Amino acid sequence: MAKPAATATDAPSLEAQAPARELGPVFKAAAGPAKWADDRLGLAALGRKNLRKVFPDHWSFLLGEIALYSFIICLLTGVFLTIWFKPSMAEIEYEGSYQLLKGLHMSEAYSSSLALSFDIRGGLLMRQMHHWAAMLFIAAMLAHSLRVFFTGAFRKPRELNWLLGVGLLAIGLIEGFAGYSLPDDLLSGTGLRFVDGLIRSIPIIGTWAEFFVFNGEFPGDLIIARLYMVHILLVPAIILGLIAAHLALVFYHKHTQYPGPGRTEENVVGYPLYPVYMAKAGGFFFIVFGVVTLMGGLMQINPVWTFGPYNPAEVTAGSQPDWYMGFVEGAIRIMPNWESHIGGTTWSWNVAIPGLGLMGLMFGLMAAYPFIERWVTGDTGEHHILDRPRNNPTRTAFGVAAMTCYGMFWIGGGNDIVATQFRVSLNAVTYFLRVAVFVAPVLAFIITKRICIGLQRADAERLLHGAETGIIVRGPSGSYGERHVPISADEAFTLTQHVEPLPLTDGSEEEYAGVPAKEARSERLRRKATRFYFQDNLRKPSRAELEAAAHHQALEAGHGGHGDGHGDGQAPRHGHEDNGHDGHGNGNGHHAIGSSESESSTH
Amino acid sequence: MRFLSSRRRHPAAKVMLLVAALFVMGALYSVVAPASQSSADTGTSQQIAEGRALFAVGCASCHGLNGEGNGTVGGSVLGPSLIGVGAASVDFQVGTGRMPMARPGAQAPQKPNQYSEEEIAALAAYVASLGPGPEIPKPEEYDPASVSEEDIARGGELFRTNCSACHNFAGAGGALPNGKYAPALYGVSNKHLYEAMLTGPQQMPVFSDGVLTPDDKRAVIGYLNELHEQPNQGGLTLGGIGPVSEGLWAFIIGLGSLVGFAIWIAAKGAKAR
Ligand code: HEM
């Protein structure tokens, strides 16, 4: 943060007019069939409109694309895997080429995963790409949802799309988990056992549900075949449907944009889908594909052959799920061992609360948040301009607190790894986390809120006093100060365009006269919430303040430009608050650094 | 035969027979009896004396002058009794550098061994003289060269069943409660592998010959050797500790580099200005 910043990288507003050109022979040849199709489908008209659709450009808008492309890579590599994978739990003797397992009894599923890894050309690459892409898919979805959250892109009219996104994230977890269970190695079997425990912890019907899912007692001999169906048919179809709806809504609502000069709630500043954005997006697909291929080729993932075949009698140290299930694993690991027996039924709080409860809580809160915030603000307007996270400190703080809580559970999922890698006691990690999951989010909330308000202050500072130049000037009295220059009008616009929601006071008794008690209570609660949300926000500078500041800066600029040979260039610096914006008549009134009393007039 | 049958009533016959029987028994005993405490040249009284001297200097402060143990201080054992732990235990503990323990703690960590071969043998002989216990295994007992491929695969199954719960599927080690841990098994010598199973140091259970026969133990050793010699199929192992490190790298390398590319792509393009 130094020089005046260029704010919006805005795109050309001129229509790109293609010069009329003679069609080449290829186009001529294609023109016939194209016309044939167009006459029947009317695609040209549809295309003309939609291809000109404008997309704004910002790296954070590409997070969702990473998710989309990784999903496509999962589809492509997954189809390859289905050609060889055998979703059967029938026991066979391993005869493949991996020496260390030769002659062992194992399921066909595991044996075919080994075959994919060692005996089928390109199989290991495909397995590893599939798995890396799966991890990235969910990671990118999570990052994407955080971007949407922190910028307030979930506000009207996009609440529905936010819900679709929450659904995609949840279903992505299921898809990944089902895939992770397919190879039937020791870790995937242990993961299944974990889920078996989750299912059983459902009060009352748990055991019945387990028998339903596993077709008998764990592990049974059907679960792999069932998960296979779920993994390659059911869930991918649902995901595809949700993605299609999600993207259709993005198209329909048009993309949001960051605030900046020339950007309003009514327009979108960016590049047209065709050709610019398509080229970028297409290029980005190949980049994602390239990165996943490199990862699949160079970085080992899920080396099922070292885990050995699943055997319910074995559990190994370092049994962890993939990262996206880590928070549930962690919650279960750090949960105290509570269980009660009521009238012949067992209530496993130790599993039900952290397992089922936590997942329900996370997705429930995510789904509910847009509606909660909307209720608090009472805001019914549409929003196409994104918030800068600092301008809604409470929301940002909520987000960071949630991330912190998630992170603590995450660490819990790897508590043994943390203990061995950092040479601390396993118990110490666990006890620490039991407290930290509650305390750390609160701390994170407070700290984040303070940081946001600090950033708002910094914005106000830039508006009122200009940008730091990095030029230190020595005053005639020997004082030092940094010269400031006014920021550009564009930047000033960006820093001031946001709407400020205001905290509401409780209101007098008369206000509620005639209002049913219940509504009155809810309204009081709402107003309390607005105070919680907005009371601490820094108000942006008023018009009068800005004008005074501009005047003042103009004067300073005049002095700074003197260069009158005396070597007494003014040293405008912060601290105007101290002298109450007076003393400009003689062009200074700045305190010397270190002693506010030794004020000297240079003119 | 005539000679024998004619003399069998000779007055000396009974005595002769007794002597002969005793002789045969003695010979048989020397063949059948378990090799004595002195297998690895231990047991000679001179070695024991040397061992006692070394013990008094390096070990007695914790284990007591006669290896009887020193009781507890503040709940933690200062040094357990070594009577009956056997030569194998000493060879393992001192050979892996665990003993002498530098300072009291949850667990004695491995560190560079401070004693020479002879000194270890002397210490082992001395401790073995305190009471019978497992002996130092001979090379043919722990050398897995003769283990067949099927047995190596079987060793893998034995390892996963008996050891991986603490030592991890790849022998990468794991955490145990209260600051204790099962160490990684990379680079542990065959002898120490065998001795660890035989003596069960600390939290580790003893895998006596009744639980894992010497053949089983060799199979486990053979498996671990093979496992750690395997090339890394599929690329960098990322620490080889499973999904936790994979997840970490998915974020750092995968998402990290893609966000980098996204920033680059978004910054490129036909700028208006
Ligand atoms: C976003 C969607 C998907 C995710 C998150 C996902 C995730 C996974 C994961 C984590 C595994 C374990 C991989 C391993 O062996 O290391 C897996 C295995 C597998 N997946 Fe997927 N997958 C997805 C889509 C698909 C699709 C669309 C197909 C088929 C059309 C498919 C077919 C398979 C097969 C056959 C396996 C077993 C292969 C093996 O383990 O050797 N997957 N999947």
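The values are calculated or read from the model by the stated rules, or taken from the named source; none is laboratory data. As the structure is a prediction and not an experimental result, all values here were calculated from the model. Using ideal geometry, Cβ is built from the backbone for each residue, glycine included, and neighbour counts are taken over all protein chains shown. When the accessible area is computed, the model is the full protein with side chains, heavy atoms only, and any ligands, DNA or RNA have been set aside. Shrake-Rupley method; radii C 1.70, N 1.55, O 1.52, S 1.80 Å.
All conditions but one from (1) at the interface with another protein chain (Cβ under 7 Å from one of its Cβ atoms); (2) of a type in the set (A, V, I, L, M, F, W, C); (3) part of a loop (DSSP other than H, G, I, E, B) apply to A:W338; the one that does not is (1).
When only residues in the range B:137-164 that are open to solvent by less than 30 Å² (accessible area, probe 1.4 Å) and assigned to a helix (DSSP H, G or I) count, which is farthest from A:A313 (Cα to Cα)?
We begin by selecting, within the range B:137-164, every residue open to solvent by less than 30 Å² (accessible area, probe 1.4 Å); these are B:137, B:144, B:147, B:152-153, B:155-156, B:159-160, B:163-164.
Of the ones still in play, those that are also assigned to a helix (DSSP H, G or I) are B:144, B:152-153, B:155-156, B:159-160, B:164.
Numbers: B:P144: 26, B:I152: 20, B:A153: 17, B:G155: 16, B:G156: 14, B:F159: 12, B:R160: 10, B:S164: 11 Å.
Looking at the filtered set, the residue picked out is B:P144.
Regarding B:G240, is this residue buried (at least 17 other Cβ atoms within 10 Å of the Cβ) and either within 14 Å of chain A (Cβ to nearest Cβ) or within 19 Å of B:A170 (Cα to Cα) (or both)? Yes, satisfied.
For the range A:139-155, filtering for residues that are assigned to a helix (DSSP H, G or I) and open to solvent by 10 Å² or more (accessible area, probe 1.4 Å) leaves 10. Within 14 Å of the ligand (Cβ to nearest atom), over 22 Å from A:F284 (Cβ atoms), out of contact with any Asp or Glu (no Cβ under 6 Å at 6 or more places or on another chain) and not in a strand (DSSP E or B), is that true of A:G179? Yes.
When restricted to residues that are open to solvent by less than 50 Å² (accessible area, probe 1.4 Å), within 24 Å of B:E50 (Cα to Cα) and at pLDDT below 85, the range B:102-115 contains 0. The numbered conditions (1) open to solvent by 20 Å² or more (accessible area, probe 1.4 Å); (2) away from the ligand (no atom under 11 Å from the Cβ); (3) free of Cβ contacts under 8 Å to residues at least 12 places away in the same chain are all true for A:G216 except (1). Is it true that some residue in the range B:193-208 is away from every other protein chain (no Cβ under 14 Å), under 19 Å from B:A153 (Cβ atoms) and open to solvent by 40 Å² or more (accessible area, probe 1.4 Å)? Looking for residues that are away from every other protein chain (no Cβ under 14 Å), under 19 Å from B:A153 (Cβ atoms) and open to solvent by 40 Å² or more (accessible area, probe 1.4 Å), one finds none in the range B:193-208, hence no. For the range A:247-258, the criterion of being of a type in the set (A, V, I, L, M, F, W, C), surrounded by fewer than 16 Cβ atoms within 10 Å (Cβ to Cβ), away from chain B (no Cβ under 14 Å) and within 16 Å of the ligand (Cβ to nearest atom) is satisfied by at least one residue. Of all the residues in the range A:453-495, those that are open to solvent by less than 50 Å² (accessible area, probe 1.4 Å), acidic (D, E) and touching a strand residue (DSSP E or B) at 6+ places or on another chain (Cβ under 8 Å) number 1. Of the conditions (1) within 16 Å of the ligand (Cβ to nearest atom); (2) touching a Gly at 6+ places or on another chain (Cβ under 9 Å); (3) open to solvent by less than 40 Å² (accessible area, probe 1.4 Å), A:L173 clears all except one; give me its number. With (1) within 16 Å of the ligand (Cβ to nearest atom); (2) touching a Gly at 6+ places or on another chain (Cβ under 9 Å); (3) open to solvent by less than 40 Å² (accessible area, probe 1.4 Å) applied to A:L173, the lone miss is (2).
Report the residue count in the range A:115-126 for those that are away from chain B (no Cβ under 11 Å) and either more than 9 Å from the ligand (Cβ to nearest atom) or touching a helix residue (DSSP H, G or I) at 6+ places or on another chain (Cβ under 6 Å) (or both).
First, the residues of the range A:115-126 that are away from chain B (no Cβ under 11 Å): A:115-116, A:119-122, A:126.
Remaining after also requiring either more than 9 Å from the ligand (Cβ to nearest atom) or touching a helix residue (DSSP H, G or I) at 6+ places or on another chain (Cβ under 6 Å) (or both): A:116, A:119-122, A:126.
Adding up the residues that qualify gives 6.
Out of everything in the range A:181-196 that is small (G, A, S) and within 28 Å of the chain's Cα centre (by Cα), what residue ends up being surrounded by the fewest Cβ atoms within 10 Å (Cβ to Cβ)?
Taking the range A:181-196 first, the residues small (G, A, S) are A:181, A:188-189, A:191.
Right, trim to within 28 Å of the chain's Cα centre (by Cα) and you get A:181, A:188, A:191.
On the way: A:S181: 25, A:S188: 26, A:G191: 22.
Looking at residues that are small (G, A, S) and within 28 Å of the chain's Cα centre (by Cα), I get A:G191.
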